[in-house]
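Enquirer: One structure follows; several queries about it will come next.
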Amino acid sequence: MRILVTAGPTREYLDDVRYISNASSGRMGYAITQAILNAGHEAVLVSGPVSLVPPIGAEFHAVESTDQMMQTCRELFPLCDGVIAAAAVCDYKPRERIAGKMSKTGAPISLEMIETDDVLAALGKQKDSHWILGFALEAQNERENALQKLRRKNCNWIVLNRPEAIASEKNSVELLDETGSTIAAWSGTKTSVAEKLVCWLEINTASLIK
Ligand code: CTP
């Protein structure tokens, strides 16, 4: 299999030196990439800025903004069998990026933010015979919200995890299918969760592998 993985946060710049982002370490996506390689498959990693070293053997694409992640993933997805979207994409960006550096004025400022494009939903629209596994980070109405995301983004499955996963070495996840049923649940280090997830995908995507 050749699997596309998104990982890490994206950044959206207010001016040339300031940005907003998400508190994502990239650990889950990098652990998944390593698990894919360990299982003898090809991994294509599209990552926002993190302090991790890309696993040796992965085809690595560094991106910064959501637009860059979008463009890179849309180009690479058709060449892969499926995608695992573990990135913590910035949901909003400033309406305008100011050139240079904004100076302080001593007065409060307000920032107009608009929604970024949804990378996973865009891949969902170009799905064809590919499989799609999304992640959902939920703090309340977890299963219901995750299922809505799965459907809205045209995923086959979605991994439900919670805010405790952010910046942690560990994760506790549930895998939901299109009916909203929990078809697997794993807890432990992100490395062990990633191994179990890849093992599960090997079995359950077998009919889709070219
Ligand atoms: N995602 C994406 N592009 C975005 C936002 C999210 O590709 N602009 C992907 C994430 O990588 C993840 C899934 O969509 O696989 C769900 O992300 P999550 O942050 O849980 O949900 P959002 O769709 O951003 O919705 P909300 O923040 O309202 O919960």
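Enquirer: Hey, can you tell me all the residues within the stretch 129-152 that are part of a loop (DSSP other than H, G, I, E, B) and either touching a helix residue (DSSP H, G or I) at 6+ places or on another chain (Cβ under 8 Å) or near the ligand (Cβ under 9 Å from one of its atoms) (or both)? Steps first, answer last, please.
Expert: So the first thing to find is which residues in the stretch 129-152 are part of a loop (DSSP other than H, G, I, E, B), and the list is 129-130, 138-141.
Listed by number, the residues that qualify are Ser129, His130, Glu138, Ala139.
Enquirer: Please work out which one of (1) over 28 Å from Arg27 (Cβ atoms); (2) of a type in the set (Gly, Ala, Ser); (3) assigned to a strand (DSSP E or B) is the condition Gly100 fails and give its number.
Expert: Every condition holds for Gly100 apart from (3).
Enquirer: Of all residues in the stretch 15-37, how many are surrounded by fewer than 20 Cβ atoms within 10 Å (Cβ to Cβ) and modelled with pLDDT under 95? First the steps, then the outcome.
Expert: If we filter the stretch 15-37 for residues that are surrounded by fewer than 20 Cβ atoms within 10 Å (Cβ to Cβ), which is where we start, we get 15-23, 37.
Filter once more, keeping what is modelled with pLDDT under 95: 22-23.
The number of residues fulfilling the criteria is 2.
Enquirer: Then there is this: Just the residues that are within 12 Å of the ligand (Cβ to nearest atom) and in contact (Cβ under 8 Å) with a residue 60 or more places away in the chain, please, taken from the stretch 162-178.
Expert: Ala165, Ile166
Enquirer: Exactly one condition in (1) in a helix (DSSP H, G or I); (2) free of Cβ contacts under 8 Å to residues at least 60 places away in the same chain is false for Pro108; which is it?
Expert: (1)
Enquirer: Can you tell me how many residues in the stretch 166-197 are under 23 Å from Leu52 (Cα atoms) and surrounded by 13 or more Cβ atoms within 10 Å (Cβ to Cβ)?
Expert: Within the stretch 166-197, the subset under 23 Å from Leu52 (Cα atoms) is 166-173, 187-197.
Next cut, surrounded by 13 or more Cβ atoms within 10 Å (Cβ to Cβ) only: 166, 168, 170-173, 188-197.
Qualifying residue count for the region: 16.
Enquirer: So, of the residues in the stretch 79-88 that are in contact with a Leu (Cβ under 8 Å, 6 or more places away or on another chain) and not small (Gly, Ala, Ser), which turns out to be surrounded by the most Cβ atoms within 10 Å (Cβ to Cβ)?
Expert: Restricting attention to the stretch 79-88, the residues satisfying the condition of being in contact with a Leu (Cβ under 8 Å, 6 or more places away or on another chain) are 80-85, 88.
When the remaining residues are screened for being not small (Gly, Ala, Ser), the result is 80-81, 83-84.
Values: Cys80: 21, Asp81: 19, Val83: 26, Ile84: 29.
Looking at the filtered set, the residue picked out is Ile84.
Enquirer: Checking Gly48 against (1) under 25 Å from Ala167 (Cα atoms); (2) buried (at least 16 other Cβ atoms within 10 Å of the Cβ); (3) more than 16 Å from the ligand (Cβ to nearest atom), which single condition isn't satisfied?
Expert: It is condition (3) that Gly48 fails.
Enquirer: Starting from the stretch 71-89, keep only residues that are closer than 23 Å to Glu138 by Cβ and in contact (Cβ under 8 Å) with a residue 40 or more places away in the chain, then list their pairs with residues that are in a strand (DSSP E or B) and among the small types (Gly, Ala, Ser) whose Cβ atoms are within a distance under 7 Å, requiring at least 6 positions of separation or different chains.
Expert: If the second residue must be in a strand (DSSP E or B) and among the small types (Gly, Ala, Ser), the pairs left are Ala85/Gly134; Ala86/Ala7; Ala87/Ala7.
Enquirer: Let me ask something else. Which of the residues spanning the stretch 1-44 are assigned to a loop (DSSP other than H, G, I, E, B) and within 11 Å of the ligand (Cβ to nearest atom)?
Expert: If the condition is that a residue be assigned to a loop (DSSP other than H, G, I, E, B) and within 11 Å of the ligand (Cβ to nearest atom), then Gly8, Thr10, Asn22, Ser24 are the ones that fit.
Enquirer: Let me ask something else. How many of the residues making up the stretch 89-126 are among the β-branched types (Val, Ile, Thr), buried (at least 18 other Cβ atoms within 10 Å of the Cβ) and more than 9 Å from the ligand (Cβ to nearest atom)? Quick ask: steps written out before the conclusion?
Expert: Going residue by residue through the stretch 89-126, those that are among the β-branched types (Val, Ile, Thr) are 89, 98, 105, 109, 114, 116, 119.
Right, trim to buried (at least 18 other Cβ atoms within 10 Å of the Cβ) and you get 89, 116, 119.
Okay, now just the ones that are also more than 9 Å from the ligand (Cβ to nearest atom), so none.
The total comes to 0.
The values are calculated or read from the model by the stated rules, or taken from the named source; none is laboratory data. Here the structure is a predicted model, which means the values were calculated and not measured. So basically every Cβ, Gly included, is an ideal-geometry build from the backbone, and we count neighbours across all protein chains shown.
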